[in-house]
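The values are calculated or read from the model by the stated rules, or taken from the named source; none is laboratory data. As the structure is a computational prediction, the values presented were derived from the model and not from experiment. Virtual Cβ from ideal backbone geometry, glycine too; neighbours counted across all protein chains shown.
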Ligand code: 5AD
């Protein structure tokens, strides 16, 4: 399976190349030294990833061409919007009318949308978000892989099952060979073009070791590599960028400093935000967001989280529900409902309609097995499949009963692709 469409290089201006996809032009940042006009390439997240031999590109494009336009048609049909639905308030229609014209909504309007309860009204809100997703992002849905390389963590986050406080967890740390093997499988055998390497804040890896692993992956099996190792230090962000990482996934968890303090004893929200800002400054694509349903969190806080993610230049929003873990201090809390999460993601699409991708988080899928489809039809357009070796996956227990924890990579891909096909989505990160 393929998660990117080959593009043809039309023009090279220093580090920027113009790439042609079925007649549409896109810009990409090129770091390959031997690229010429006429070459076929894969790009991800705006970066040229690798060159593809002509015969390979042409045969992939032949398959894509027909399928791609069919998918687009299906998506277009599914994202039609009629704001004259019955049983919904005039106020809602006025707000959505404004939203679909991409006018910024007032705080009261955003709060109104989050407080919708009636099913017909929520459905119309989701359709408006889906309409905007289609309008600005077309039918692309990026599919990243994630390898959870270690569940050791020095932090004591109150909600997290792999925090240092949890003594009931079997800890693992993949070694260099294991990480390389998992990356090789994901990229070469399964066709992933973007890979997240994630761990707790594990002091057991030396930064040079991580840099070496990233360098080796990039050299042998080119892909867009995201790091997600927590607060590794601002200088170390530079080190891993130099090694070839081009994306960083780090949530700020909550934009409310008091809530942040309550759930992260002794930690500082500003330091976390500093990391995210620095990563962006260095040139990383930033994936960020917060947890929804934290004790004391209000609708206003959740809206502020979306704005903070946007202000931090998120290339992708990763906003997921907090799921209580039995071996943490927050075991007695209750998670939010699927419908509320869908409203939050739809709101994120209204707030940042033309820019950030929106991830369907595994936590949301854990909350409800139907959520993936529901939120793909409510503004979301990104999936992350778990490519951690099965022997370790269950121990990356940030919350209990994680969706897909027992599924092979193949099963996850088949499920994801068949859902995307049924919705007319192309598994690429290109909105062409
Ligand atoms: N529920 C949901 N998400 C969680 N995370 C950690 N613990 C939980 C939980 N109990 C998320 C945090 C972290 C990411 C890696 O996992 O948001 O940033």
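For the stretch 129-155, give me each residue that is farther than 30 Å from residue 81 by Cα, away from the ligand (no atom under 12 Å from the Cβ) and part of a loop (DSSP other than H, G, I, E, B). Listed by number, the residues that qualify are 152, 154. All of 303, 319 fail the test of being more than 14 Å from the ligand (Cβ to nearest atom) and either surrounded by 22 or more Cβ atoms within 10 Å (Cβ to Cβ) or more than 24 Å from residue 156 (Cα to Cα) (or both), apart from 303. Mind checking whether some residue in the stretch 416-427 is in contact (Cβ under 8 Å) with a residue 40 or more places away in the chain, outside any loop (DSSP other than H, G, I, E, B) and within 12 Å of the ligand (Cβ to nearest atom)? No, because not a single residue in the stretch 416-427 is in contact (Cβ under 8 Å) with a residue 40 or more places away in the chain, outside any loop (DSSP other than H, G, I, E, B) and within 12 Å of the ligand (Cβ to nearest atom). Residues in the stretch 310-339 that are under 14 Å from residue 380 (Cβ atoms) and assigned to a helix (DSSP H, G or I): 1 in all.
Restricting attention to the stretch 177-211, the residues that are farther than 23 Å from residue 414 by Cα and surrounded by fewer than 14 Cβ atoms within 10 Å (Cβ to Cβ) total 6. Annotation note: Cβ proximity below 6 Å between a residue of the stretch 298-321 that is closer than 10 Å to residue 288 by Cα and a residue that is assigned to a helix (DSSP H, G or I) (sequence gap 6+ or interchain) occurs for 306/348; 306/351; 312/276; 313/280; 317/309; 317/348. Within the stretch 284-297, being touching a strand residue (DSSP E or B) at 6+ places or on another chain (Cβ under 7 Å) and either touching a residue at least 40 places away in the same chain (Cβ under 8 Å) or within 11 Å of the ligand (Cβ to nearest atom) (or both) holds for 284, 285, 287, 288, 289, 290, 291, 292, 293. Identify the residue in the stretch 243-258 that is in a loop (DSSP other than H, G, I, E, B) and farther than 18 Å from residue 311 by Cβ and, among all such residues, is farthest from the ligand (Cβ to nearest atom). Top of the filtered list is 244.
From the list 107, 118, the lone residue that is touching a helix residue (DSSP H, G or I) at 6+ places or on another chain (Cβ under 8 Å) and at pLDDT 95 or above is 107. Checking 200, 191 one by one, the residue that is within 23 Å of the chain's Cα centre (by Cα) and modelled with pLDDT under 95 is 191 and no other. Taken over the stretch 349-371, the criterion of being farther than 25 Å from residue 103 by Cβ, within 16 Å of the ligand (Cβ to nearest atom) and either out of contact with any helix residue (DSSP H, G or I) (no Cβ under 6 Å at 6 or more places or on another chain) or outside any loop (DSSP other than H, G, I, E, B) (or both) is satisfied by 359, 360, 361, 362, 363, 364, 365, 366, 367, 371. Out of curiosity, is residue 145 surrounded by fewer than 22 Cβ atoms within 10 Å (Cβ to Cβ) and closer than 25 Å to residue 345 by Cα? No: the conditions fail for residue 145.
Within the stretch 208-242, no residue satisfies the criterion of being within 16 Å of the ligand (Cβ to nearest atom) and assigned to a helix (DSSP H, G or I).
Considering 378, 346, which residue is closer than 26 Å to residue 93 by Cβ, part of a loop (DSSP other than H, G, I, E, B) and away from the ligand (no atom under 16 Å from the Cβ)? Step by step, each of 378, 346 is checked, and only 378 is closer than 26 Å to residue 93 by Cβ, part of a loop (DSSP other than H, G, I, E, B) and away from the ligand (no atom under 16 Å from the Cβ).
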